[in-house]
Amino acid sequence: EDRLPPIQSGPLARSFARVRCVSRREAAPRPSAHPAMPPVVAEAAAAATAAATGAFNYNRANYFFDNGLRFGRFNTGYSMAMAQASMYREDIRDLTELTVTKQDTYHTVGVIFFVLNFQLIMAGRLGVHGPSPPGWLLGLYWTNICSALMFLVTFTWTAMHASARATAGGAYMLTRSVRLPIPTPKMLDKARTTGNSFEKQRVRDTLRIPFVMPAPKEGADETTYDPEVGNRRKPMWYRDEVKELRPDGDGAAPSSESNPEHFELYRGLQQEWWGYDVYGRIGVLYFMSHWLTAASLYSMCHVFGELRCLWPAWSVTACFVTAHFGILKLDIVNKPRPNSCTLPMERIVPFVPVIAVLGMSIDYSVLEPTVGWQTFIYFLSWICYLIQFAWALRLYDLAAPQVQNKEMAEMPGQPWWPVEWPLPPAFEDALYMVSAPKHLGAGQTCLQQEMKAAKGRQGLAAPMKKASQAPPPMLPWKLFRGACITTISMWVLIMVGRGFEQVNGERFLLKQEGRVERWPSHMQPWMAPWTRKGSRNEMCHAGGCDRRLGSISEHEIAVSAHRLVAALGPLVQAFDATTSRMPAPELRSAPLRSAGVSWPAGFHPSLLASQNGLVVALERSASQGALVTSGESAPSSTPFSLAGLEGLGDIVSANWGRSGLLLVTSSGALMECEGLPEAGSWPCRSVSTTPLPPSMAAATAVRLGSGRIRAAVIFEGEDSIVLLETDEGGSWLPGGEVHAPFSISGRAPRLSMRSTAEELMVSTSDGRVFRRPISGRDAFPTTQVGSLGSGMVFHDACSLSSDGIAHLASPSAGAAPVLLLSGSSA
């Protein structure tokens, strides 16, 4: 007992104290029937018994203490793992919400701009409330607005797909992969122990004397290092706890390079929608670029064509140009790329409307429309077309994906995506892409991986689920590439069309709707509609007239009233006239005699016109004619052809006045041939007036002394003759109405007027000629010609003198026409 080391405190000290007391009590002599045991042996047995009892109590107390820690550690470990799993579920929600929020925003913007885009196309269509804008500007406008609509549809649908697929992927991960690690009842039963489980322990663990009998060595993996006490052995029940609660079937512990499985799985899911996310955002920019250009062009068309205001067109263009330049500067990063176009067209294309508004300012100005100004305007338009074409090529190049050579460095607060995603680098600051990380940050660990590894933090990396290794999905890029190629093709087509229009003539491939084409591109003269000339109210539609507080002088009111009466007077007289047909005037017969004119071979005239004793006979459809002159023995005819009538239709009537031969064609256009035919040709030019309505059955026109033109027209299905006169701008105004003295049935009659435009003459196919002065209401007697045989078919007639008339008639249907004369002075 004296040789035993002193023990200060603890269970072992109390056990040895009891051994000493027992030893002292048993040291007193007792009477015994057996032989006495040697004192040394007795003391040794007592000491061994006391040591065994103390060691047993010590190890039993340690066992129950470790079991309490075991169950507490089990609960704490799973509580922390569930808290970390909840954080992982928040990771999935955050990553999904980032994509869904962006795409829903794009979708909302797309729905709003669907309305605005169609407002520019349909409700705000140009050329409805005023003259149509120039063709060169409409080419720029329509190509931009249609490209904007195409990119609008593209990014709206990609945004819908990305949002729906990200939502589905996040729901799949939350319901199947990222779940809380809740222990099962079997695991809880294994974690807890009962009191009698100590009886199952090994004898060497229950009677192990601390510091004297070390724990058995089961392998190096059971040794842990404590810097304070060095290497220390663990009891066997700890090894049993590791085998029961943390089986190492899943491998070794994770290393610092390990990544949580939910990050790897989610990054694999992102492969299915990151392309739609990226090109949805790029589509928003491409749409807005084309829409801002189209809106600027539309605004200047509206301001010039309808409001007739110069400076507001420049100011509104400046607003759109500034906005366009700003968004391109924000979204596009001009990084050099191998084998790509490096011309920064995004710094040039916003200024296309500035060039266009300069051309429109000249196009709508009061400058004389010379060839030089027209060439300059077309030069400006081609600059705009070439810039837009280069911009379309640049858009294709910017949107093309690019394979990365190395992994991006992760920066706090900055977008990041893996090297496997070939994103366009030009938009890296505008895509706002955040992918699941590939590595955990310093000091971070995954408890679930450690629980699966069951070996602490040592050993090799534990095998885990990785993102699927598949080629990047290129379907979104293929769809977007198709939109870019379509835009390039549209610009090629419109440039080819513009070249054809400039060579062939503006809009000459389309039927003209009752208006004469005027340079530079307007279908009507440069005059403000709804105006009162010579007053400050000339721009009524721009807010300058009909103001209740405006002051108008009495002189201005008198002038306006005089103009109104002059324009409406003939209409009032026509409406006041009786609706019943006027009684037929006196019928007077006139004998006919042949003029003795021989026509050129194959010439079959059907129209006549005369001036100063000369007579012109014309074919209706072949633009061929003959000039009849009086010879020494008999009149002769000289053939000629009319030049400049191509594409205008048949000749309806001809009148020969002081300024030349005035023709009316079936298309309503008026052509004037000055002088006399020379070298077998008589050139004709277009008269700068609005064409007559195409629904006319018969018409004739003559130029007045003031330069204006008076026309008489019979419309199809009508028995009345309408008189029209042109104003200063060449538009037709009503001048009156004359009722025919006979019913118009069958072939429409022929109309002609004297060169002084004071007398109207109507001839029918049966030979009747009706003459009436324009200024009076009394008609001359109707002349019925005949006496050359019955069955004659009369084609046309014209006045020769006060009572002389030249007739063109065929002896029978289908026979060659002959020139006939009637009247005493003919």
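Overview of values
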quantity: Hypothetical label at ILE182: residues of the range 67-94 whose amide nitrogen lies under 14 Å (7 Å Cα-Cβ projection); calculated: 79, 82-83, 86
quantity: The range 616-675 and the range 387-436: distance between their alpha carbon centers, rounded to Å; calculated: 72
quantity: Contour minus Cα-Cα distance for LEU386 and THR105 (0.36 nm per residue); calculated: 97.8 nm
quantity: Whole-number percent relative contact order across the range 51-195, with pairs defined as alpha carbons under 8 Å at least 6 apart; calculated: 49
quantity: Taking the range 289-366 and dividing mean pair separation by its residue count, relative contact order in percent (alpha carbons under 8 Å, at least six apart); calculated: 37
quantity: Gain upon complete extension [GLU407, ALA42; 0.36 nm per residue less C-alpha separation]; calculated: 123.5 nm
quantity: Peptides 48-60, 68-80, 283-295 ordered by average Cβ neighbours within 10 Å, highest first; calculated: 283-295, 48-60, 68-80
quantity: Top positive-direction residue, dipole computed over the range 43-117 with Cβ charges, set ASN67, LEU116, MET87; calculated: ASN67
quantity: Stretchable slack from LEU98 to ASN75, in nm (0.36 nm times residue separation minus alpha-carbon distance); calculated: 4.8 nm
quantity: Counting all C-alpha pairs of the range 57-124, share separated by more than 17 Å (%); calculated: 70
quantity: Kirkwood hydrodynamic radius of the range 316-414, Cα pairs, Å; calculated: 16.4
quantity: Residues whose placed amide H lies under 5 Å from that of LEU733, excluding near-sequence neighbours; calculated: GLU725, THR726, ASP727
quantity: Out-of-range pairs (alpha-carbon distance over 25 Å; input LYS102/LYS329; LYS186/LYS438; LYS102/LYS438; LYS406/LYS438); calculated: LYS186/LYS438
quantity: Label-point separation, ALA318 to SER630 (7 Å along Cα→Cβ), nm; calculated: 7.4
quantity: Solvent-accessible area, 1.4 Å probe, carbon plus sulfur percent, for the range 595-647; calculated: 49
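The values are calculated or read from the model by the stated rules, or taken from the named source; none is laboratory data. All values reported here derive from a predicted model rather than from experimental measurement. With ideal geometry, Cβ positions are generated from the backbone for all residues, glycine too; neighbour counts draw on all protein chains shown. With ligands, DNA and RNA removed, areas are computed over all heavy atoms of the protein, side chains included. Shrake-Rupley method; radii C 1.70, N 1.55, O 1.52, S 1.80 Å.
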